[in-house]
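Novice: My questions will all concern the structure given below.
Read-outs throughout are calculated quantities, based only on the coordinates presented, and are distinct from any laboratory measurement. If you're wondering where the values come from, they're calculated on a predicted model, not measured in any experiment. Neighbour counts are summed over all protein chains in view; Cβ atoms, including those assigned to glycine, are modelled from backbone coordinates with ideal geometry.
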Number of protein chains: 2
Amino acid sequence: MSLTLLAELRGAIGASHVLSDGDLSAYELDWRRRYHGKALAVVLPGSTRQVVQVMQLCAAHGASVVPQGGNTGLVGGSVPDASGTQIVLSLQRMHRVRHIDRANLTMTVEAGCVLQLAQQAAAEQDLLFPLSLAAEGSCTIGGNLATNAGGTQVLRYGNARDLCLGLEVVTAAGELWEGLTGLRKDNTGYDLRDLFIGSEGTLGIITAATMKLYPRPQARMTALAACATLDAALALLGLAQQRAGSGLTGFELMGDFALSLVRKHFPQLPRPLPPCPWTVLLEISDSESVVHAQALFEQLLESALESNLIQDAAVASSLEQSRALWQLRESIPLAQVEEGLNIKHDIALPISSIPAFVAQTDAALMAAFPGVRLVNFGHMGDGNLHYNVQAPEGVAAAGFLREHEPAVNRIVFDAVVSYQGSISAEHGIGALKRDELALRKSPVALQMMRAIKQALDPGNRLNPGRVL
Amino acid sequence: MSLTLLAELRGAIGASHVLSDGDLSAYELDWRRRYHGKALAVVLPGSTRQVVQVMQLCAAHGASVVPQGGNTGLVGGSVPDASGTQIVLSLQRMHRVRHIDRANLTMTVEAGCVLQLAQQAAAEQDLLFPLSLAAEGSCTIGGNLATNAGGTQVLRYGNARDLCLGLEVVTAAGELWEGLTGLRKDNTGYDLRDLFIGSEGTLGIITAATMKLYPRPQARMTALAACATLDAALALLGLAQQRAGSGLTGFELMGDFALSLVRKHFPQLPRPLPPCPWTVLLEISDSESVVHAQALFEQLLESALESNLIQDAAVASSLEQSRALWQLRESIPLAQVEEGLNIKHDIALPISSIPAFVAQTDAALMAAFPGVRLVNFGHMGDGNLHYNVQAPEGVAAAGFLREHEPAVNRIVFDAVVSYQGSISAEHGIGALKRDELALRKSPVALQMMRAIKQALDPGNRLNPGRVL
């Protein structure tokens, strides 16, 4: 049967776009190298019509399909299982920017378009497509939507979901839903769009999307501020929101241990401020001018100094200095890699609960694992912490993980749940957190999710074993 | 059976909260007085626990349930049918503001909370809850969410959906989903929240919600501008977005005939500008100061005058003047009522298509019905027009509607669909547009919607006959 399917797929989209031999690890191995599957074939349709054909053939043969964009996901959601029976459907060849509507401030792009190229297409029209994250050079719009990606501009522009107005989707049965509207308002029935967004390829194949664009701000300015406590950082966030309104486009938190790893492994990077318990990176986007943004920043930071919310601050005086400050923030994950394996948590909390959560969870972990080191950083303005746990100094990381990862996770997730937080803020569930989700999510919600999955993919052929 | 059900409902929530005698027209007749149903009973639970009990009893007896908030909907979605067998579940008694979290900028309110009271609760904390619409004195948060209400601040803050972070929902079977998170990021499975929002009470009963709040702007300023053409108004929108960024919180369009009805029926209202083909109301919200907002407005309008986008402008110099300008805009629906019956359309279009759509549809209607009068106004910044059709001068409105409403609708909706617009931008589907939706929506989308309805309400007991 699988040979017939392969022959039919080759007939439909061309033999050169159906890969079943050779090294397919680019499609079968996930970015963090934790999941290595084996596909029956990797198929690369070149058009929506071809995706429809592929899905109809897979439906006829009862084959499971794993949709894939840039394969940069962090939870093992985009690679096949080990059975050798699944079809990886890569959207890579569907990468066109179909249309930019300047007056409507929208852009229609195909799912395989790399995020950075979508950003560039908007910039060429002097417009802003604000979605921005570390993997932007290789992740795709389809993957961003399937996982409802977050990133560094969520505070002002929202997650991928908030940037999407319409979708084109191929269903499990191979039917085409042409939902590519560029409308800001549309109350004609259930919100299918947001159901597909974040469903990690388990409900349908997103083939294209209409996304929101914005006028490009006249200025983007960045500053670092040193806070003695998390409570002070929280108060600084409130003050910045009050003063800058929606001009505040970034509020990133960096714990001292996280920055110490950057200092250790990337000593060439600048050190604009002396070490302090918490460093905050603030970004303001301004529709008026650099001068206006600068004045706003100065007033804000002066007030914060006077109120003793911050101990010190440094405002970037050029685009280059701005980039250098962001580079500090973005070097934390890389410094962690240099330091060795660690246990990652991508959690969200009500912003007001962050200080209490961190105090309580730090203490619980240090009591359970004396000397344990906490790499704590993240998008504080969105309540999203990357709260990572590193073995004590001198303890072999691999062994620590092998022995203690479940216990560490239990402490962290118990605390997250007790503060009504989320065990996955922006990375999704995939294969990695599926069992944890089944334990942590409300049974009523899980039951509704299963009913919806059954309704839209009754054969359980779309990315089976992920999410649910 | 129905007598047993009534007795059990009385036992569960108290006899005084189960109404089955006397004048129930406040619950049975819709706001536009087009739908007059007959309920078996109106039940008014006082807590989420009681909603669970009511739903379990209704499930056990196979009774249909029509959830109701302020009963201000415009599409007949919140009143029972004529069968005398349905239970109206009014959320009126559940009107508490449960909690305001200042640092998280969220507010948790019960479904029956009147929108204006929610706004006031936020204002008392010096915060802004931006949802705002004509019915705010009597509509409720639950109804706003069930219909994904829009209103006058969508341009900046989005629809009700965009303002909601979490929901508490009772299912058709009487199970409770406690999804009241105050999280900005949460990627733990399918987006149930957005599925319930806008489902018009057909998938579950929203009993409470956690909504976003914002710092209160320091200033809100309003101006009127006169545009000779819709193309000029469109260019003005682009310029205002470029200059004011997200500070632009309102961009309302008013056609001359719409304003002429206001002049005719409310001659006491001010006339800040002489009549012109299109008048735009602009609103800027400013996080800095009145002076800053004023300077922004002056620069913007000066540029617009120089580029010939506008012929004239008037900036409100006080809060009182601002209110007067908004009153002009808000008097249009009232002036229409005075003028007599008309055929209302609540449509959305890609903003860039508005000039072409209006030119084409005006011409088609005037060719088909010589002398027909077009009341055209709406939230242009959101692409949302209230494109209403009034009988020719001297022709009896009732007769015109009786004879021509279907033909008028066909011309308008055909044009809407040809521009990839929406036949219901912010009012929803309810009973009024159910048949039209079945004709106009993609069959694949309808089929998915039906599958979801079947999955979550297999007995079709939640607001049956609405939406689908």
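Novice: Find the residue count for the range B:123-150, including only residues that are within 14 Å of chain A (Cβ to nearest Cβ) and either surrounded by 22 or more Cβ atoms within 10 Å (Cβ to Cβ) or hydroxyl-bearing (Ser, Thr, Tyr) (or both).
Specialist: 10
Novice: Moving on. Which count do you get for residues in the range B:1-22 that are assigned to a helix (DSSP H, G or I) and surrounded by 11 or more Cβ atoms within 10 Å (Cβ to Cβ)?
Specialist: 13
Novice: Mind checking which residues of the range A:452-468 are without any contact (Cβ under 8 Å) to a residue 40 or more places away in the chain and crowded, with 16+ Cβ neighbours inside 10 Å?
Specialist: A:455
Novice: Considering only the range B:429-446, state which residues are in a helix (DSSP H, G or I), at the interface with chain A (Cβ under 8 Å from one of its Cβ atoms) and not aliphatic (A, V, I, L, M).
Specialist: Filtering the range B:429-446 down to residues in a helix (DSSP H, G or I) leaves B:434-440, B:443-446.
Okay, now just the ones that are also at the interface with chain A (Cβ under 8 Å from one of its Cβ atoms), so B:437, B:440, B:444-446.
Once the filter is applied, which keeps residues that are in a helix (DSSP H, G or I), at the interface with chain A (Cβ under 8 Å from one of its Cβ atoms) and not aliphatic (A, V, I, L, M), the range B:429-446 yields only B:440.
Novice: Further question: Looking at (1) within 29 Å of residue A:293 (Cβ to Cβ); (2) among the aliphatic types (A, V, I, L, M); (3) away from chain B (no Cβ under 14 Å), find the lone condition where residue A:365 falls short.
Specialist: (1)
Novice: Do we have any residue at all in the range A:283-304 that's within 24 Å of residue A:214 (Cα to Cα), crowded, with 22+ Cβ neighbours inside 10 Å, in contact (Cβ under 8 Å) with a residue 60 or more places away in the chain and away from every other protein chain (no Cβ under 14 Å)?
Specialist: Taking the range A:283-304 first, the residues within 24 Å of residue A:214 (Cα to Cα) are A:283-297.
Filter once more, keeping what is crowded, with 22+ Cβ neighbours inside 10 Å: A:283-287, A:293, A:296-297.
After this cut, where a residue has to be in contact (Cβ under 8 Å) with a residue 60 or more places away in the chain as well, the list is A:283-287, A:293, A:297.
Within this subset, residues satisfying the condition of being away from every other protein chain (no Cβ under 14 Å) are A:283.
Yes, the range A:283-304 contains a residue that is within 24 Å of residue A:214 (Cα to Cα), crowded, with 22+ Cβ neighbours inside 10 Å, in contact (Cβ under 8 Å) with a residue 60 or more places away in the chain and away from every other protein chain (no Cβ under 14 Å).
Novice: Sticking with this structure for a sec: Could you look through the range A:179-212, keep only residues that are touching a residue at least 60 places away in the same chain (Cβ under 8 Å) and surrounded by fewer than 23 Cβ atoms within 10 Å (Cβ to Cβ), and pick out the one that is farthest from the chain's Cα centre (by Cα)?
Specialist: A:180
Novice: Which of the residues belonging to the range B:409-428 are within 9 Å of chain A (Cβ to nearest Cβ) and of a type in the set (D, E, K, R)?
Specialist: In the first step, residues of the range B:409-428 are kept if they are within 9 Å of chain A (Cβ to nearest Cβ); the result is B:420-428.
Hit for the range B:409-428 is B:426, nothing else.
Novice: Take residue A:425 and tell me if it is in contact (Cβ under 8 Å) with a residue 24 or more places away in the chain, farther than 18 Å from residue B:181 by Cα, among the small types (Gly, Ala, Ser) and crowded, with 22+ Cβ neighbours inside 10 Å. Before the answer, list the steps.
Specialist: On the way: in contact (Cβ under 8 Å) with a residue 24 or more places away in the chain: yes; farther than 18 Å from residue B:181 by Cα: no; among the small types (Gly, Ala, Ser): yes; crowded, with 22+ Cβ neighbours inside 10 Å: yes.
Answer is no for this residue.
Novice: Could you check residue A:166 against (1) within 12 Å of chain B (Cβ to nearest Cβ); (2) of a type outside the set (Val, Ile, Thr); (3) surrounded by 22 or more Cβ atoms within 10 Å (Cβ to Cβ) and say which number it fails?
Specialist: Residue A:166 satisfies every listed condition except (3).
Novice: Okay, moving on. List pairs: first in the range A:218-240 and under 16 Å from residue A:301 (Cβ atoms) and within 14 Å of another protein chain (Cβ to nearest Cβ), second part of a strand (DSSP E or B) and aromatic (Phe, Trp, Tyr), Cβ under 6 Å, 6+ apart or cross-chain?
Specialist: So the pair list comes out as A:233/A:278; A:237/A:251.
Novice: Among residues belonging to the range A:172-217 that are hydroxyl-bearing (Ser, Thr, Tyr) and at the interface with another protein chain (Cβ under 7 Å from one of its Cβ atoms), point out the one that is nearest to residue B:196 (Cα to Cα).
Specialist: Among those residues, the one meeting the criterion is A:190.
Novice: Can you pull out the residues in the range A:271-295 that are more than 20 Å from residue A:375 (Cβ to Cβ) and under 27 Å from the mean Cα position of the chain (by Cα)?
Specialist: A:282, A:283, A:284, A:285, A:286, A:287
Residue by residue, here is whether (1) surrounded by 22 or more Cβ atoms within 10 Å (Cβ to Cβ); (2) more than 14 Å from every other protein chain (Cβ to nearest Cβ); (3) in contact with a His (Cβ under 7 Å, 6 or more places away or on another chain) holds:
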| site | (1), (2), (3) |
| --- | --- |
| A:48 | no, no, no |
| A:86 | yes, yes, no |
| A:89 | yes, yes, no |
| A:95 | no, yes, no |
| A:99 | no, no, no |
| A:102 | no, no, no |
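Novice: Same structure, new question: Does the range B:328-347 contain at least one residue that is within 14 Å of another protein chain (Cβ to nearest Cβ), farther than 20 Å from residue B:405 by Cβ and aliphatic (A, V, I, L, M)? Working first, answer last.
Specialist: Going through the range B:328-347, the residues within 14 Å of another protein chain (Cβ to nearest Cβ) turn out to be B:345-347.
Those still in the list that are farther than 20 Å from residue B:405 by Cβ too: none.
Scanning the range B:328-347 turns up no residue that is within 14 Å of another protein chain (Cβ to nearest Cβ), farther than 20 Å from residue B:405 by Cβ and aliphatic (A, V, I, L, M).
Novice: While we're looking at this one, here's another question. Regarding residue B:405, is this residue more than 10 Å from every other protein chain (Cβ to nearest Cβ) and of a type in the set (Asp, Glu)?
Specialist: Answer is yes for this residue.
Novice: Could you list, in sequence order, all residues of the range A:38-69 that are over 20 Å from residue A:3 (Cβ atoms) and out of contact with any Leu (no Cβ under 8 Å at 6 or more places or on another chain)?
Specialist: Passing the criteria: A:46, A:47, A:49, A:50.
Novice: Regarding the range B:403-420, can at least one residue be identified that is under 25 Å from residue B:335 (Cα atoms), free of Cβ contacts under 8 Å to residues at least 12 places away in the same chain and out of contact with any Cys (no Cβ under 6 Å at 6 or more places or on another chain)?
Specialist: yes
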